[in-house]
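Notes follow the structure.
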Amino acid sequence: MCLGFFPACSSSSDGDIDAYCVLVEENFEIGLSNSGIELDDLEALVAVSPKGIVKVVEKLRNSLADIAEIDELDQLFAATFDPDALVAQQKFEIYNADECGISIEAVAAALKVNQGLVEAELLEFLEGNSIFSPWIEKISISLIFDGVTVQGAQVTFITPAEQDQALSVCHAISLWMYALKEAEGGILVFDDSREIVRRNASDTKCVEV
């Protein structure tokens, strides 16, 4: 539908490039992986998208809608890195740079800074609690981050996990994610390439697998 605060908004099939650029500029991270964009914002963007970009925006909208329905963390990781969605994202970025003068580099840099701050916060929490010290140097952590909130975490033991360490890792990140960040999401813990512990978004505890 046409947004009321865009006086130049047109109902033609060619869309409205001015309204389109305003929406993208107001939500500069729109369409990027790890962005904090809402589905409603992409719906509004579809309504004003010029014909040269509308199919791409529809793909991004549909991908975000699919991700919103996923509960299992491994499926969420797969959907987040869907090749077709990544191609659409790249086309979207190029179009916005060419037609709206929005720097791809500036958008990516801003999101990287936001994610870095969240990851540093998690590490500070883990390093500040001595109970986690037996395994803190043994793991690497990858967060699913939408630009605003944490949506999940994947942990890999760099050296073999000792008994109950994987559960301890999952419990620690659960405490940070659910209690301190008030976020929802799942946690996967791997020993090398073998999954050993998980907590799905719908579960109440970490379990060995």
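The values are calculated or read from the model by the stated rules, or taken from the named source; none is laboratory data. Please read all numbers here as calculations on a predicted model, not as lab measurements. No Cβ is skipped: glycine too gets one built from the backbone with ideal geometry, and neighbour counts run over all protein chains shown.
Of the residues Leu143, Leu167, the single one that is in contact with a strand residue (DSSP E or B) (Cβ under 7 Å, 6 or more places away or on another chain) and more than 30 Å from Glu38 (Cβ to Cβ) is Leu167.
State yes or no: is Ile141 on the phi < 0 side of the Ramachandran plot, without any contact (Cβ under 8 Å) to a residue 12 or more places away in the chain and assigned by TED's automatic domain parsing to the domain that holds Glu184?
On the way: on the phi < 0 side of the Ramachandran plot: yes; without any contact (Cβ under 8 Å) to a residue 12 or more places away in the chain: no; assigned by TED's automatic domain parsing to the domain that holds Glu184: yes.
So Ile141 fails the test.
For region 162-204, the tally of residues that are over 16 Å from Leu123 (Cβ atoms) and either in contact with a Phe, Trp or Tyr (Cβ under 6 Å, 6 or more places away or on another chain) or not assigned by TED's automatic domain parsing to the domain that holds Glu137 (or both) stands at 2.
Per the conditions (1) assigned by TED's automatic domain parsing to the domain that holds Leu45; (2) hydrophobic (A, V, I, L, M, F, W, C); (3) over 20 Å from the mean Cα position of the chain (by Cα), the sole criterion not satisfied by Ile131 is (1).
The set of residues in region 190-205 being of a type outside the set (D, E, K, R) and under 12 Å from Gln165 (Cα atoms) consists of Phe190, Ile196, Val197. The residues of region 146-179 that are touching a residue at least 40 places away in the same chain (Cβ under 8 Å) and of a type in the set (Val, Ile, Thr), listed by number, are Val148, Thr149, Ile173. Among the residues of region 142-166, those that are in contact with a helix residue (DSSP H, G or I) (Cβ under 7 Å, 6 or more places away or on another chain) and of a type in the set (Val, Ile, Thr) comprise Ile144, Val150, Val155, Ile158, Thr159. Applying the criterion of being part of a loop (DSSP other than H, G, I, E, B) and among the acidic types (Asp, Glu) to the residues of region 4-26, the residue that is modelled with the highest pLDDT is Asp16.
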